[in-house]
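The values are calculated or read from the model by the stated rules, or taken from the named source; none is laboratory data. All figures in this text were calculated on a predicted structure; none of them were measured in a lab. Here Cβ is always computed from backbone atoms with ideal geometry, including for glycine, and neighbour counts include all displayed protein chains. With ligands, DNA and RNA removed, areas are computed over all heavy atoms of the protein, side chains included. Shrake-Rupley method; radii C 1.70, N 1.55, O 1.52, S 1.80 Å.
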Amino acid sequence: HVQLVESGGGLVQAGASLRLSCAASGRTFSSYAMCWFRQAPGKERESVAAISWSGGTYYADSVKGRFTISRDNAKNTVYLQMNNLNAEDTAVYYCAADYSGQGSPDYWGQGTRVTVSS
């Protein structure tokens with residue numbers, strides 16, 4: 001099993017930046033594509049960003065140019081740098097590990113809350 005623990009969320013003003021971290025333990029971290037999802041109150045969960053085991057990245061159009069996903073396999077950690085936050089970014093952010101890399105994560109973290117005030 002893989003356990004994922006997110007951190008770094010908080011309450012910030014529009015235009016601010018946050019860096020989320022996801023620390024992994026258990027099964028080999030480097031074998032998984034790592035993903036960030038978010039879910040706003042009353043909304044569907046949506047994919048935000050992903051990074052493959054080889055370093056390829058994906059971003060949702062809504063965050064492209066503002067968010068950056070990265071991973072440090074030596075530290076078993078994935079990051080999401082979020083810049084120029086706006087109220088639409090308010091959500092609980094979840095880290096996920098996807099062994100197949102086909103968009104169906106095998107493991108999920110508990111989430112970290114991001115609130116952006118305007």
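Rounded to the nearest 0.05, the FRET efficiency derived from the C-beta distance between Gln39 and Gln102 at R0 = 22 Å is 0.60.
Please give the net charge around Gly103, taking every other residue with its beta carbon less than 13 angstrom from that of Gly103, where Lys and Arg add +1 and Asp and Glu add -1.
-2
Here the Karplus curve 6.51 cos²θ - 1.76 cosθ + 1.60, taken at θ = phi - 60°, turns the phi angles of region 107-118 into couplings of 9, 10, x, 7, x, 9, 8, 10, 10, 10, 9, 9 Hz, with x standing for Gly and Pro.
When its C-alpha radius of gyration is set against 2.2 N^0.38 Å (N residues), the chain gives a value of 0.98.
Taking all protein chains as they are arranged and a probe of 1.4 Å, the heavy atoms of Leu11 leave approximately 130 Å² accessible to solvent.
Compactness check for region 1-48: Cα Rg over 2.2 N^0.38 Å is 1.40.
Protein heavy-atom accessible surface, 1.4 Å probe, per residue over the chain: 53 Å². The listed residues Asp98, Asp72 rank as Asp72, Asp98 when sorted by accessible area, largest first, using a 1.4 Å probe. Cysteines in the chain lacking any other cysteine Cβ under 4.7 Å from their own Cβ: Cys35.
Residue ranges 90-97, 111-118 sort as 90-97, 111-118 when ordered by packing (mean number of other C-beta atoms within 10 Å per residue, highest first). With all protein chains in place and ligands, DNA and RNA left out, the 1.4 Å accessible area ranks Arg19, Arg38 as Arg19, Arg38, largest first.
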